[in-house]
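The values are calculated or read from the model by the stated rules, or taken from the named source; none is laboratory data. Keep in mind that what you see is a predicted model, and the values were worked out from it rather than measured. Methodologically, a virtual Cβ is constructed for each residue, glycine included, from the backbone with ideal geometry; neighbour enumeration extends over all protein chains shown. For accessibility, only protein heavy atoms count, side chains too; no ligands or nucleic acids. Shrake-Rupley method; radii C 1.70, N 1.55, O 1.52, S 1.80 Å.
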Amino acid sequence: MIIGIIGAGASGMAAALAASQQPGVEVLLFERQARVGRKLQATGNGRCNLTNLQPAAYHGDNAEFAAPALANYPPSETLQWFSNLGLYTVVEDSGRVYPYSDQANSVVDVLRFALQKENIRLLTAVEVTKVRKDGKAFEIISDGEAYRCDKLIIACGGLAGTKLGGSMSGYKLLRSFGHHCTRLRPALVQIKSGWNGCVSLKGVRANCHVEIYNGDMRHSASNGELQFTDYGLSGPVIFETSRDVCQQPGNWFCRLDFLPDISRQMLLELLMRKRSGEQPAEELLTGILHNRLGRVLTASAGIRGQRSCQSLTDAELEQVIDAVKSLEVDLTEPLGMDSAQVTAGGIVTDEFNPETMESRLVPGLYACGEVLDIDGDCGGYNLQWAWSSGRLAGSSAGGNT
């Protein structure tokens with residue numbers, strides 16, 4: 001039996017390896033780029049956060065679709081799988097798992113070497129332009145050349161990360177078989193802001209608590225590292241809270257607490273002690289926060305000009321505390337798909353069997369990974385979905401469910 005797999009990213013490579021373990025199976029693995037795992041190599045800032053041992057939330061019109069694949073191939077089993085492939089990993093306190101080398105290419109390399117099997121044929125720099133069902137078999141067409149297979153797995157990934165290979169190809173191929181797609185939008189992405197303080201703080205990082213609102217309704221909240229950019233906000237804490245931000249009309253803004261572990265009263269007592277010094281008022285927060293951040297926050301609290309800390313009133317200290325503990329920054333729009341780490345939305349999951357990843361519309365057709373309407377939280381969960389869904393699709397197509 002020949003199984004064709006389109007896409008040699010995380011889910012496609014996982015599917016190929018799982019399928020190749022089944023007796024009598026030959027795998028044709030197609031990748032339109034010159035090498036496998038290009039997007040995978042860029043994940044986690046080049047470190048590759050390949051899974052997470054903490055419970056996660058998954059999203060989509062039917063997020064429960066992900067449950068069977070994740071139950072069959074949970075994070076603990078993923079660690080064992082990679083260990084068998086020769087990858088040594090380390091688990092951080094947060095539950096995030098990275099290669100011990102701290103290099104994403106270690107993950108790509110062990111997968112690339114594992115694909116070097118007699119029953120796997122890897123075809124790189126081959127872009128599939130059309131697929132069709134021909135009786136019980138499938139025909140895959142690329143550059144005028146046709147390949148036939150008995151089962152077909154679509155693992156093309158999503159639209160996110162267009163600079164690294166994200167494309168519409170998987171959606172188009174599955175639509176050609178009658179499948180439907182939800183609205184696509186960026187997730188785990190930076191957010192633009194019109195607040196002029198962002199430009200002054202470009203490059204500054206701060207650990208804080210972030211709450212995102214649309215009017216009076218709180219949209220999301222998270223703790224972590226925030227990074228200011230010349231266009232707005234970035235960093236893990238923004239990625240974690242960015243899904244669907246500014247995707248509906250309304251007044252979108254975020255409220256930032258730069259000292260979430262310190263109460264207002266504790267901060268007031270600290271600032272009152274600093275008020276006894278003779279340093280300039282703009283340096284009130286020096287020693288507490290990043291110097292540049294501290295000066296911007298005191299200015300946003302209305303403290304400007306050549307003043308000393310001793311001149312600050314109790315009311316002005318409260319204004320500084322407001323800026324530190326509940327700074328409001330407007331949000332205008334997310335960056336586009338070229339900057340997003342993950343695609344929210346995708347092929348409708350109700351049209352697939354979650355126990356096998358097989359299409360309910362076309363027997364012998366499977367899909368896995370980001371092309372489906374499933375996306376996870378920031379922290380390795382999306383790669384875990386890729387491994388789990390890919391391995392389930394590969395083993396199911398190969399005859400072992």
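Within the stretch 311-324, the presence of at least one residue that is open to solvent by less than 60 Å² (accessible area, probe 1.4 Å) and more than 21 Å from Ser263 (Cα to Cα) is confirmed. Evaluating Asn105 against the criteria (1) farther than 27 Å from Leu361 by Cα; (2) touching an Asp or Glu at 6+ places or on another chain (Cβ under 8 Å) leaves one unmet condition, (2). Pairing each residue of the stretch 13-42 that is more than 23 Å from Leu365 (Cα to Cα) and modelled with pLDDT under 95 with any residue that is of a type in the set (Ser, Thr, Tyr) and open to solvent by 10 Å² or more (accessible area, probe 1.4 Å), provided the two are 6+ apart or on different chains, yields C-beta distances under 6 Å for Ala34/Thr124. Considered as a group, the residues in the stretch 155-170 that are open to solvent by less than 20 Å² (accessible area, probe 1.4 Å) and over 13 Å from Arg32 (Cα atoms) include one that is modelled with the lowest pLDDT, and that residue is Gly161. From the list Leu297, Leu267, the lone residue that is surrounded by fewer than 21 Cβ atoms within 10 Å (Cβ to Cβ) and not small (Gly, Ala, Ser) is Leu267. Take the stretch 171-222 and flag every residue that is closer than 30 Å to Pro363 by Cα, of a type in the set (Ser, Thr, Tyr) and open to solvent by 40 Å² or more (accessible area, probe 1.4 Å). Within the stretch 171-222, just Ser176 meets the criteria. If you check Tyr73, Tyr58, Tyr98, Tyr88 for being closer than 29 Å to Val237 by Cα and open to solvent by 60 Å² or more (accessible area, probe 1.4 Å), only one passes: Tyr88.
For Leu259, the requirement of being in a helix (DSSP H, G or I), of a type outside the set (Asp, Glu) and touching a residue at least 24 places away in the same chain (Cβ under 8 Å) is not met.
Inside the stretch 106-129, can you point out the residues that are modelled with pLDDT of 95 or more and not aliphatic (A, V, I, L, M)? Correct list: Ser106, Asp109, Arg112, Phe113, Gln116, Lys117, Glu118, Asn119, Arg121, Thr124.
Selection of the stretch 322-377 for residues being part of a helix (DSSP H, G or I) and either touching an Asp or Glu at 6+ places or on another chain (Cβ under 6 Å) or under 12 Å from Ser389 (Cα atoms) (or both) yields Lys325, Thr349, Gly369, Glu370, Val371.
Using the structure shown, decide if Ala63 is of a type in the set (A, V, I, L, M, F, W, C) and out of contact with any Ser or Thr (no Cβ under 8 Å at 6 or more places or on another chain). It is true that Ala63 is of a type in the set (A, V, I, L, M, F, W, C) and out of contact with any Ser or Thr (no Cβ under 8 Å at 6 or more places or on another chain).
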